[in-house]
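In what follows, a structure is listed as structure tokens, so that the remarks can point back to it.
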Amino acid sequence: MRILLDENFPADFASLLAGHQVSTVHRLGWSGVKNGELLQRAGEVCEIFVTMDRSLEFQQNIKVLPFGIIVVRAVSNRMVHLAPLVDSILGAAVRAVPGAVERVGALPPHRA
């Protein structure tokens, strides 16, 4: 499966998604590209786009995309918080369909 990791993932996270062709926004030279254009470009290189941007699905027309999106919810983008979610991400990748969002992980309750 061709997976594209958004720029909010650490570069070494790609190696945890073994058995898949994983690209990163950073490695492709697309860092800083706005979401609309990024999603257009992503259609050429992936079947699954993985991001931590929880607002993406509300800002873009996801339904027309030729790939699925996985939104990862974690405390931070540090490996210590992301590595435990690898199995969930890979499971979501299997379920993902073009134009739809799968969500994995959880954020702790907000403390006042």
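The values are calculated or read from the model by the stated rules, or taken from the named source; none is laboratory data. Computed from a predicted structure; not experimentally measured. For neighbour counting, all protein chains shown are included, and Cβ atoms are generated from backbone atoms with ideal geometry for every residue, glycine included.
Observations
- Going through (1) surrounded by 13 or more Cβ atoms within 10 Å (Cβ to Cβ); (2) at pLDDT below 95 one by one, LEU107 falls short only on (1).
- Scan of segment 68-94 for residues that are over 14 Å from THR51 (Cα atoms) and among the β-branched types (Val, Ile, Thr), ordered by number: VAL80, VAL94
- Restricting segment 5-44 to residues that are within 24 Å of HIS81 (Cα to Cα) and of a type in the set (Phe, Trp, Tyr), the residue that is farthest from the chain's Cα centre (by Cα) is PHE13.
- Those residues of segment 1-26 which are assigned to a loop (DSSP other than H, G, I, E, B) and within 17 Å of ASN77 (Cα to Cα), in sequence order: ASP6, GLU7, ASN8, PHE9, PRO10, LEU17, VAL25, HIS26
- From the options SER88, SER55, SER76, residue that is over 11 Å from the mean Cα position of the chain (by Cα), under 13 Å from ASN8 (Cα atoms) and of a type in the set (S, T, N, Q): SER76
- Conditions (1) more than 23 Å from ARG2 (Cβ to Cβ); (2) of a type in the set (Val, Ile, Thr); (3) surrounded by 11 or more Cβ atoms within 10 Å (Cβ to Cβ); number of the one not met by VAL80: (3)
- Within segment 45-65, if we keep just the residues that are surrounded by fewer than 18 Cβ atoms within 10 Å (Cβ to Cβ) and of a type in the set (A, V, I, L, M), the residue that is farthest from HIS81 (Cα to Cα) turns out to be VAL64.
- Boolean, ILE62 is modelled with pLDDT of 95 or more and touching a strand residue (DSSP E or B) at 6+ places or on another chain (Cβ under 7 Å): no
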